[in-house]
1. Under 8 Å between Cβ atoms, which residue pairs at least 6 apart in sequence (or on different chains) link something in the range 64-86 that is on the phi < 0 side of the Ramachandran plot with a partner that is loosely packed, with under 15 Cβ neighbours inside 10 Å and in a loop (DSSP other than H, G, I, E, B)?
2. Got a number for residues in the range 41-73 being under 20 Å from Val27 (Cβ atoms) and over 12 Å from the mean Cα position of the chain (by Cα)?
3. List the helices (runs of 4 or more DSSP H) that sit entirely inside the chain and contain at least 2 residues that are at pLDDT below 85 and not hydroxyl-bearing (Ser, Thr, Tyr).
4. Looking only at residues that are surrounded by fewer than 12 Cβ atoms within 10 Å (Cβ to Cβ) and either within 14 Å of the chain's Cα centre (by Cα) or not charged (D, E, K, R) (or both) in the range 74-92, which one is farthest from Val54 (Cα to Cα)?
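The values are calculated or read from the model by the stated rules, or taken from the named source; none is laboratory data. Model, not experiment: these values are computed from the prediction. Glycine gets a Cβ as well: all are built from the backbone with ideal geometry, and neighbour counts include every protein chain shown.
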Amino acid sequence: MFLKRKSSNWNNIGNVKNSWKTLGGVVPDRLVILGAVWKKELGRLGEHCELVAVDRGHIVVRTESSVVYNELAMRSKQIIRGLNKYFPTPWLKGIRTSAAR
């Protein structure tokens with residue numbers, strides 16, 4: 001009676017293996033590529049922005065000042081288009097900012 005296996009306590013190895021491939025829906029390879037091309041695409045603006053996170057396809061950026069925030073907001077579509085060209089399928093949707101440093 002107490003030695004009976006409960007199917008609810010067991011996980012399929014396929015499910016466990018697939019959960020390792022993504023981090024909250026983001027493939028780790030994408031994050032590596034994004035980190036590598038971030039400064040290249042932003043140019044001098046990249047010196048004043050810090051890539052913080054990716055949340056549901058939106059890049060979260062911390063800016064040094066409101067001037068940098070405004071520049072980032074004006075160029076966001078251009079930046080996202082430039083970043084998406086490095087991936088086989090576009091997955092970035094937009095840029096969000098967090099509180100200043």
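1. Glu64/Ala100; Glu64/Arg101; Ser65/Ala100; Ser66/Ala100; Tyr69/Ala100; Ile80/Lys93; Asn84/Pro90
2. Of the residues in that region, 1 qualify.
3. Fully inside the chain and qualifying: 13-20, 28-42.
4. Restricting to residues being surrounded by fewer than 12 Cβ atoms within 10 Å (Cβ to Cβ) and either within 14 Å of the chain's Cα centre (by Cα) or not charged (D, E, K, R) (or both), the top hit is Met74.
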